[in-house]
Amino acid sequence: MRRPNLSLRQLILLAVLVGIAAPALVVLTLSDRLTRSSVEPILASQRAAVLSLASTSLVDPLWVLDESATKRAIEQLLADASVCSVSLLEERPGAQELKTAKCSQGWPTVDMAAGIKRDGVVLGTLTVGFDDGATDKLVRERQQQIVAIVAFQVVLGGVVILMVLYTRLIRPIDRLKRQASAIAAREPHEQGDWQRGDELGELGKHLNHAGEQIDSLLADMEAKNTQLRQMAMYDHLTQLPNRTLFREVFTHEAAFARRHRHLMALLFVDLDRFKAINDTMGHAAGDRLLLVVSERLRAAVRGSDLVCRISGDEFLLLLRDAQSADMVQATVQRMLDSVSEALELQGGQQAQVTASVGVALFPQDGEDFDELVRHADMAMYQAKQDGRARYAFYEAHLDAALAERMELERELAEAIRGNQLVLHYQPIVDAATGVVRAVEALVRWQHPTRGLLYPGAFIQVAEESGQIRELGAWTLEAACQQLSRWKSQGRHPGSVAVNLSASHFRDQRLPEQLHELIQVHALAPGELTIELTESTVMSDSEASMKTIHALRDLGIELAVDDFGTGYSSLAYLKLLRPKKLKIDRSFVRDVPGDHDDCVLVRAVLGLAHALDIEVVAEGVETEVQRQFLLGEACTLQQGYLYSKPIPAHDLALRLNAWP
């Protein structure tokens, strides 16, 4: 059985009733017995006295036989309020018993008898019937008095107790309750003045303190919630809205544009080659550049338009109420011009960055946020493919191109995992003797449906999708395996050269991976060569030198590929001291007929010979080219004149015997 839920007032009232009324009821219950026990001896003595007086008053009348006096004495006795009946029996012969009564028959009486004597002579017996109801009457009178006294005490005690409880308990508790409710509801409230020294006063002081603490905590929580919302809705670096807030604003603006048939434009902005700036100048300079670019983007559009940063170097812009495509073009061009202006970073460093912009129009290019962003992203990639530092509008055929590219990414990932890649090897020959001095490993993709694919069909996709490192790791592993296999067959190519991408070369785990390959395949120093482009070696020179030193410690040689086509630093070339320089095929193609190319080739050969660096001429396809290069003391040559890139088993017979 469930206990009833009583309020504090009800509980106190019940306690007062039980604590005061219950003892009163007990007193009233016991008072009947106590009254009777105290009254009965008194009545008994009173009755004995009445009986004794009556007996004495009858002595003389009975002695002188005065009947009239006897009757008067009996009548006087009967007049007593406590006497119901009187009976007198004389001892003289022939006397009759005298009986008289004033109470009705059956009335409860207590009979008491006494002998009447004179000088030792018994004159008669007097029997008096006393009213037994007098006891009950007296008891009732006493009970009424007790009830009145107890009731007065109960009422007075209850009033006093209730007043004390109300003033010292109920009202303070109500104040505490109101104060606690105000604190919980975060309503304005004043602290209670709790000067009283009892427990409730202490509780009130604790509540004041708790209220202060709660107010402080809530204020801190509000500040942190504001900060969290700022972090959740805004970019921490530029303080621009992030993708989440941009999506909310776009949803609202799209509904407004639908109702009023307005045109909006969503711009997808990607900074060109920002990673190169970040890597060469450092992340602090990159952050400073992003801040400047974000300010320029905001300045290039109207105050009603929205600028958002969604990732490292990518921004979204929403042009509200784009009145026409011409207006959008003018805004985008103004923005591109502003972004491309030179800027000064910390320490006086100068930097310049351009942007590629994709434009998608609402509602014609997409009805919802994700679709419109995806289409603007496609247009941005189209702008990059068209040469960067420009903009492109979304066109429907871009969907098919993106789908094809995504399918190629997926197939390439499967090719790396599924042994669809193969290596072909192009020999590097001593043109004077025809002996193979080294081979370059070139990756091919044996596509299950499209046949043999050359790097131009998938390298760019690998770089843009981030699979270039996996591709490079596979190439290194396969080349080392093949070199070990040739050695086990008694053949040796001299050295196997493998091209590495810039991102793979900057991987801090590269030396560890190469060390493991050397151990597993038992490669000797000089048997593995890493080919890098000038731009790869020159970027982040300090980190590059650290990696190069680590590779040299492993016995790995370094070759600079396509020398002369990038940003060449003679001082850095002196410091770097690669094993080989490879003259790019663009300089070899027109020799000896092109005077300028001949001068450039001689200059590179002279520089390399002065620094004791071997030179390999790439793209040698004719005997005339071979003879010119031999005449300039360039004996190491590579090109179709000697061999196309061919499978390993076709090249094996041309390799030197080993050991």
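From Val591, Val624, Val604, Val615, which residue is touching an Asp or Glu at 6+ places or on another chain (Cβ under 7 Å) and in contact (Cβ under 8 Å) with a residue 12 or more places away in the chain? Don't jump to the end; show me each part of the working.
Numbers: Val624 fails: touching an Asp or Glu at 6+ places or on another chain (Cβ under 7 Å); Val604 fails: touching an Asp or Glu at 6+ places or on another chain (Cβ under 7 Å); Val615 fails: touching an Asp or Glu at 6+ places or on another chain (Cβ under 7 Å).
Val591 is the lone residue from the list that is touching an Asp or Glu at 6+ places or on another chain (Cβ under 7 Å) and in contact (Cβ under 8 Å) with a residue 12 or more places away in the chain.
Any idea which residue in the range 250-277 is surrounded by the fewest Cβ atoms within 10 Å (Cβ to Cβ), counting only those that are closer than 18 Å to His375 by Cα and β-branched (Val, Ile, Thr)?
Checking each candidate, the answer is Thr251.
If His649 passes every condition in (1) within 29 Å of Glu527 (Cβ to Cβ); (2) in a helix (DSSP H, G or I); (3) modelled with pLDDT under 90 but one, which one does it miss?
Condition not satisfied by His649: (3).
Among the numbered criteria (1) at pLDDT 80 or above; (2) among the β-branched types (Val, Ile, Thr); (3) exposed (fewer than 12 other Cβ atoms within 10 Å of the Cβ), which one does Thr56 miss?
Answer for Thr56: the failing condition is (3).
Out of (1) surrounded by fewer than 21 Cβ atoms within 10 Å (Cβ to Cβ); (2) at pLDDT 90 or above; (3) under 23 Å from His236 (Cα atoms), what's the single condition that is false for Met281?
Every listed condition holds for Met281 apart from (2).
Check Gly348 against each of (1) modelled with pLDDT under 90; (2) under 35 Å from the mean Cα position of the chain (by Cα) and name the one condition it does not meet.
Among (1) modelled with pLDDT under 90; (2) under 35 Å from the mean Cα position of the chain (by Cα), the lone unmet condition for Gly348 is (2).
Of all residues in the range 235-273, count the ones that are in contact with a helix residue (DSSP H, G or I) (Cβ under 7 Å, 6 or more places away or on another chain) and either free of Cβ contacts under 8 Å to residues at least 60 places away in the same chain or of a type in the set (Phe, Trp, Tyr) (or both).
3
Give Val353, Val332, Val307 a once-over and let me know the one that is of a type in the set (Val, Ile, Thr) and either at positive phi or touching an Asp or Glu at 6+ places or on another chain (Cβ under 8 Å) (or both). Outline the logic, then answer.
Working: Val332 fails: either at positive phi or touching an Asp or Glu at 6+ places or on another chain (Cβ under 8 Å) (or both); Val307 fails: either at positive phi or touching an Asp or Glu at 6+ places or on another chain (Cβ under 8 Å) (or both).
Just one listed residue meets the conditions, Val353.
Of the residues that sit in the range 150-171 and are free of Cβ contacts under 8 Å to residues at least 40 places away in the same chain and of a type outside the set (A, V, I, L, M, F, W, C), which one is least open to solvent (accessible area, probe 1.4 Å)? Outline the logic, then answer.
Step one: list which residues in the range 150-171 are free of Cβ contacts under 8 Å to residues at least 40 places away in the same chain, which gives 152, 155-156, 159-160, 163-164, 166-168, 171.
Adding the requirement that they be of a type outside the set (A, V, I, L, M, F, W, C) leaves 166-168, 171.
Working: Tyr166: 114, Thr167: 59, Arg168: 115, Arg171: 119 Å².
Selected residue: Thr167.
Restricted to the range 308-337, and to residues that are open to solvent by less than 30 Å² (accessible area, probe 1.4 Å) and assigned to a helix (DSSP H, G or I), which residue is farthest from Glu295 (Cα to Cα)?
Taking the candidates together, the pick is Val328.
Outside any helix (DSSP H, G or I) and modelled with pLDDT of 95 or more, is that true of Gly639? First the steps, then the outcome.
On the way: outside any helix (DSSP H, G or I): yes; modelled with pLDDT of 95 or more: yes.
Yes, satisfied.
Out of all the residues in the range 602-618, which are in a loop (DSSP other than H, G, I, E, B) and either in contact with a strand residue (DSSP E or B) (Cβ under 8 Å, 6 or more places away or on another chain) or crowded, with 18+ Cβ neighbours inside 10 Å (or both)? Before the answer, list the steps.
Taking the range 602-618 first, the residues in a loop (DSSP other than H, G, I, E, B) are 611-613, 618.
The answer is Ile613, Glu618.
Which residues, counting only those in the range 483-511, are open to solvent by 40 Å² or more (accessible area, probe 1.4 Å) and under 27 Å from Phe563 (Cα atoms)?
Within the range 483-511, Asn499, Arg506, Gln508, Arg509 meet the criteria.
In the range 485-494, is there at least one residue being in a strand (DSSP E or B), assigned by TED's automatic domain parsing to the domain that holds Glu557 and in contact with a strand residue (DSSP E or B) (Cβ under 6 Å, 6 or more places away or on another chain)?
So the first thing to find is which residues in the range 485-494 are in a strand (DSSP E or B), and the list is 491-492.
Okay, now just the ones that are also assigned by TED's automatic domain parsing to the domain that holds Glu557, so 491-492.
Narrowing the set further to residues that are in contact with a strand residue (DSSP E or B) (Cβ under 6 Å, 6 or more places away or on another chain) leaves 492.
Scanning the range 485-494 turns up at least one residue that is in a strand (DSSP E or B), assigned by TED's automatic domain parsing to the domain that holds Glu557 and in contact with a strand residue (DSSP E or B) (Cβ under 6 Å, 6 or more places away or on another chain).
Among the residues that make up the range 130-149, is at least one of them open to solvent by less than 50 Å² (accessible area, probe 1.4 Å) and modelled with pLDDT of 80 or more?
The answer is yes; a qualifying residue exists.
Tally the residues that are part of a strand (DSSP E or B) and not polar (S, T, N, Q), restricting the search to the range 65-118.
Filtering the range 65-118 for residues part of a strand (DSSP E or B) gives 83-90, 98-101, 109-118.
The next check asks that each one be not polar (S, T, N, Q); those that pass are 83-84, 86, 88-90, 98-99, 101, 110-118.
So the count comes out to 18.
Please work out which residue is most open to solvent (accessible area, probe 1.4 Å), limiting yourself to the range 430-455 and to residues that are hydrophobic (A, V, I, L, M, F, W, C) and touching a Ser or Thr at 6+ places or on another chain (Cβ under 8 Å). Even if it seems obvious, please write down each step before you answer.
Quick first cut of the range 430-455, residues hydrophobic (A, V, I, L, M, F, W, C) only: 431-432, 435-436, 438-439, 441-443, 445, 452-453.
Now restrict to residues that are touching a Ser or Thr at 6+ places or on another chain (Cβ under 8 Å): 431-432, 438-439, 441, 443.
Numbers: Ala431: 4, Ala432: 70, Ala438: 7, Val439: 0, Ala441: 5, Val443: 17 Å².
Filtering first and then ranking leaves Ala432.
Restricted to the range 512-535, and to residues that are assigned to a helix (DSSP H, G or I) and open to solvent by less than 30 Å² (accessible area, probe 1.4 Å), which residue is nearest to Pro659 (Cα to Cα)? Can you show your working first?
Going residue by residue through the range 512-535, those that are assigned to a helix (DSSP H, G or I) are 512-521, 534-535.
With open to solvent by less than 30 Å² (accessible area, probe 1.4 Å) added as a condition, the list becomes 514, 517-518, 521, 534.
Details: Leu514: 24, Leu517: 21, Ile518: 18, His521: 16, Glu534: 35 Å.
If we take residues in the range 512-535 being assigned to a helix (DSSP H, G or I) and open to solvent by less than 30 Å² (accessible area, probe 1.4 Å), then His521 is nearest to Pro659 (Cα to Cα).
Looking at the range 371-383, can you tell me whether even one residue there is assigned to a helix (DSSP H, G or I), among the basic types (Lys, Arg) and open to solvent by 70 Å² or more (accessible area, probe 1.4 Å)? Explain how you work it out, then say what you get.
Step one: list which residues in the range 371-383 are assigned to a helix (DSSP H, G or I), which gives 371-383.
From what is left, the residues that are among the basic types (Lys, Arg) are 374.
Restricting the remaining residues to those that are open to solvent by 70 Å² or more (accessible area, probe 1.4 Å) gives 374.
For the range 371-383, residues assigned to a helix (DSSP H, G or I), among the basic types (Lys, Arg) and open to solvent by 70 Å² or more (accessible area, probe 1.4 Å): present.
Just a yes or no: is a residue in the range 267-280 basic (Lys, Arg) and over 15 Å from Asn242 (Cβ atoms)? Can you show your working first?
Applying the first criterion (basic (Lys, Arg)) to the range 267-280 yields 273, 275.
Cutting the leftovers down to over 15 Å from Asn242 (Cβ atoms) gives us 273, 275.
Yes, some residue in the range 267-280 is basic (Lys, Arg) and over 15 Å from Asn242 (Cβ atoms).
Would the range 632-648 turn up any residue that is open to solvent by 20 Å² or more (accessible area, probe 1.4 Å), among the aliphatic types (A, V, I, L, M) and in contact (Cβ under 8 Å) with a residue 40 or more places away in the chain? So that I can check it myself, show each step before the final result.
Filtering the range 632-648 for residues open to solvent by 20 Å² or more (accessible area, probe 1.4 Å) gives 632-633, 635, 640-642, 644-647.
Applying the additional criterion that residues be among the aliphatic types (A, V, I, L, M) yields 633, 641, 646.
Going one step further and asking which of them are in contact (Cβ under 8 Å) with a residue 40 or more places away in the chain, we end up with 646.
Looking for residues that are open to solvent by 20 Å² or more (accessible area, probe 1.4 Å), among the aliphatic types (A, V, I, L, M) and in contact (Cβ under 8 Å) with a residue 40 or more places away in the chain, one finds at least one in the range 632-648, hence yes.
Please count how many residues of the range 456-482 are touching a His at 6+ places or on another chain (Cβ under 7 Å), at pLDDT 95 or above and buried (at least 20 other Cβ atoms within 10 Å of the Cβ).
Start the filter on the range 456-482 by keeping residues that are touching a His at 6+ places or on another chain (Cβ under 7 Å), which leaves 468-469, 472, 480-481.
In the following step, the residues that additionally are at pLDDT 95 or above were identified as 480-481.
Within this subset, residues satisfying the condition of being buried (at least 20 other Cβ atoms within 10 Å of the Cβ) are 480.
The total comes to 1.
The values are calculated or read from the model by the stated rules, or taken from the named source; none is laboratory data. As the structure is a computational prediction, the values presented were derived from the model and not from experiment. Quick reminder, even Gly has a Cβ in these numbers, built from the backbone with ideal geometry, and neighbours come from all protein chains shown. Each accessible area value is taken on the protein alone, full model and side chains, heavy atoms only, with ligands, DNA and RNA left out. Shrake-Rupley method; radii C 1.70, N 1.55, O 1.52, S 1.80 Å.
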